């Protein structure tokens, strides 16, 4: 990449928009100075917010949009009626080349539907996937798909493996990431047909990743692999189950430290150690679900996040752009489809 | 139930069998005195172990079996060649009426295959399911299926809901359990066809349960419902993901308390409070996966458990038998299929 990167922001998406979008951009500006911003949304609300951040204002262009996508809008409705929404216009900016990436904390379904229609998929990719990264005992791992495709065939899963590995190289900085397919057991005969077929292909393909075969749910938190590949239904349930279990433990921990006088004193002594634990597992640190497989980079921030979380989503988008994520995927997909003409849709095993 | 209950134990199943089986039975004997035991396995190894527990020996009959099912045996192989195994003979005892329930810590796939063949399914139940219960912020919940059926249709899911609710009433003592279908969102249009169809049926059926619609992965740990219904693939991944996340947190907690001198002192002060937290989330407390839907009660203990965990699995089996779990399921399934003759396979919505 050469020159300055421009990041398009949907200023109206998210529970605390546009305030947290502007505040998040300000935090991201300090971390990555070489960036310009396009802010799409209600200028009456955005311009006063920028007044508090003159340095950000200098690198930001506000583009007024009369409309925004409601948090509970159906994707099909948003797609038809949302042509002048802040979300749609921000995606358009990536398509037109005015921005390198787009970040939105708005309606996930609408964002995916619009991004698919406007940006289209990369060569060799049948369907985009939603990916996210999270802390494990060994460091950080990425999982995909998290809900874009409830049912997946072997082709989809193989493509997710390629994209997940490219992500691990781009954003997590791993040279030869390990990849596992989420299953109900590690033996070759376990699971249903698409998983077994995808595994058979991944074992023989020559890709810059190390395929570790099947992994199980408990391997996710252990960090057994850098990239967890699964269909969107299972991935969504697994990620949310992990989040629910994390909440369960945090709450039990809180109650335990409150349960007696000695425990409360113990907490006071251990407080600074626990502050580090809290920082390491802070959900804001892992905010930013990436839509992988599109001809343009689109990052979805959690809708309920604050400025710190939104800034992290911007930084993930920045890394994907600066590290040339999409060029890597294109390059690797061309190896996967060596004679990529019409008729050569599937990979030979 | 009248008279004494007899429990059949596969004395050769599990990593630490037969020692932990005998020691587990001894612990269970103290908790539930009105029980006799049938121990199936190598009498050369079992009889000396019983010598240390005279009270248990007095209520136990050892039945020598020349064979046992290997932990890594394929279910089909175990089924064909394992007729004289401790596992098979213990299941046979339930089928013959010599025992009311069977508990094994052996090979899960083999146990399910044998139990299905020998015991058969209950009237109205197409496929048995594996269920387990676990701690939540609100108390305890049960989830099924955990891996017996990787793909499920709407009939299966409705039957799982009935069985899970009967389990919640029998073992967890809840009068009107709440039931949720695991999905990727709570809106009616979310998810794939079998889940949406099962939800449509559960909304209109007159059953002793409260159907709460769709739940998401994070609702599991929150305890939003008493019974989580899902297919065996998703359930297996969700349960193991929760286990993996729990391990991740325990390990981070351990490291945090070790990370500084003050934190170590803090731990010493909070130790007794943490002992309670540990007891509440001890996996041994939740040991015992139930095979629901068979004409006989079969409980699978974790293979790696110790005597304490195995005793808990025996106690779950005891509760299921004494509370007449199977009679409840039969009774409720008859309501589900009011004209239960040939040809009336499906439920009218």
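Points to keep in mind about this one:
- Residue within the range B:187-205 that is facing chain A (nearest Cβ under 10 Å), touching a strand residue (DSSP E or B) at 6+ places or on another chain (Cβ under 7 Å), closer than 17 Å to residue A:150 by Cα and part of a helix (DSSP H, G or I) present: yes
- Among the residues of the range B:49-96, those that are at pLDDT 95 or above and within 20 Å of residue B:295 (Cβ to Cβ) comprise B:87, B:88, B:89, B:90, B:91, B:92, B:93, B:94, B:95, B:96.
- Output for the range A:206-215, where each listed residue is free of Cβ contacts under 8 Å to residues at least 40 places away in the same chain and either within 11 Å of another protein chain (Cβ to nearest Cβ) or over 19 Å from residue A:146 (Cα atoms) (or both): A:210, A:212, A:213, A:215
Yes/no matrix, rows are residues, columns are (1) over 18 Å from residue A:328 (Cβ atoms); (2) in contact with a strand residue (DSSP E or B) (Cβ under 6 Å, 6 or more places away or on another chain); (3) within 14 Å of chain B (Cβ to nearest Cβ); (4) in a loop (DSSP other than H, G, I, E, B):
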{"position": "A:83", "(1), (2), (3), (4)": "yes, no, no, yes"}
{"position": "A:91", "(1), (2), (3), (4)": "yes, yes, no, no"}
{"position": "A:109", "(1), (2), (3), (4)": "yes, no, yes, no"}
{"position": "A:125", "(1), (2), (3), (4)": "no, no, no, yes"}
{"position": "A:162", "(1), (2), (3), (4)": "no, no, no, no"}
{"position": "A:166", "(1), (2), (3), (4)": "no, no, no, no"}
{"position": "A:175", "(1), (2), (3), (4)": "no, no, no, yes"}
{"position": "A:179", "(1), (2), (3), (4)": "no, yes, no, no"}
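- Between A:144, A:137, A:119, the distinction of being assigned by TED's automatic domain parsing to the domain that holds residue A:318 and either farther than 28 Å from residue A:88 by Cβ or modelled with pLDDT of 95 or more (or both) belongs to A:119 only.
- Which listed residue is over 12 Å from the mean Cα position of the chain (by Cα), assigned to a helix (DSSP H, G or I) and in the same structural domain as residue B:302 (by TED's automatic domain parsing), from B:99, B:113: B:113
- Unmet criterion (only one of (1) in contact with a strand residue (DSSP E or B) (Cβ under 6 Å, 6 or more places away or on another chain); (2) under 16 Å from residue A:25 (Cα atoms)) for residue A:54: (1)
- The sole residue among A:288, A:303 that is surrounded by 15 or more Cβ atoms within 10 Å (Cβ to Cβ), within 18 Å of residue A:25 (Cβ to Cβ) and within 14 Å of another protein chain (Cβ to nearest Cβ) is A:303.
- Scanning the range A:236-286 for residues that are outside any helix (DSSP H, G or I) and under 16 Å from residue A:141 (Cβ atoms) yields a single hit, A:281.
- Taking the criterion of being under 17 Å from residue A:318 (Cβ atoms) and crowded, with 24+ Cβ neighbours inside 10 Å, the residues of the range A:1-21 that qualify are A:7, A:8, A:9, A:10, A:21.
- Selection count where residues are in contact with a helix residue (DSSP H, G or I) (Cβ under 6 Å, 6 or more places away or on another chain) and either surrounded by fewer than 22 Cβ atoms within 10 Å (Cβ to Cβ) or in a loop (DSSP other than H, G, I, E, B) (or both), scope the range A:32-49: 3
- Residue in the range A:228-242 that is closer than 22 Å to residue A:327 by Cβ and either buried (at least 23 other Cβ atoms within 10 Å of the Cβ) or at pLDDT below 95 (or both) present: yes
- Meets criteria (assigned by TED's automatic domain parsing to the domain that holds residue B:108, surrounded by 23 or more Cβ atoms within 10 Å (Cβ to Cβ) and at pLDDT below 95) for residue B:24: no
- Filter result for residue A:308 (more than 8 Å from chain B (Cβ to nearest Cβ) and in a helix (DSSP H, G or I)): yes
- Residue selected from the range A:262-284 under the condition more than 9 Å from chain B (Cβ to nearest Cβ) and exposed (fewer than 14 other Cβ atoms within 10 Å of the Cβ), by the criterion farthest from residue A:133 (Cα to Cα): A:275
- Subset of the range B:127-143 [touching a strand residue (DSSP E or B) at 6+ places or on another chain (Cβ under 7 Å) and either part of a strand (DSSP E or B) or within 14 Å of chain A (Cβ to nearest Cβ) (or both)]: B:129, B:130, B:131, B:132, B:133, B:134, B:140, B:141, B:142, B:143
- Scanning the range B:148-160 for residues that are crowded, with 24+ Cβ neighbours inside 10 Å and in a loop (DSSP other than H, G, I, E, B) yields B:148, B:152.
- Residue that is nearest to the other protein chains (Cβ to nearest Cβ) [pool: residues in the range B:216-240 that are more than 15 Å from residue B:145 (Cα to Cα) and in contact (Cβ under 8 Å) with a residue 12 or more places away in the chain]: B:221
The values are calculated or read from the model by the stated rules, or taken from the named source; none is laboratory data. All values derive from a computational prediction rather than experimental measurement. Heads up, the Cβs are rebuilt from the backbone with ideal geometry, glycines too, and the neighbour counts pull from every protein chain shown.
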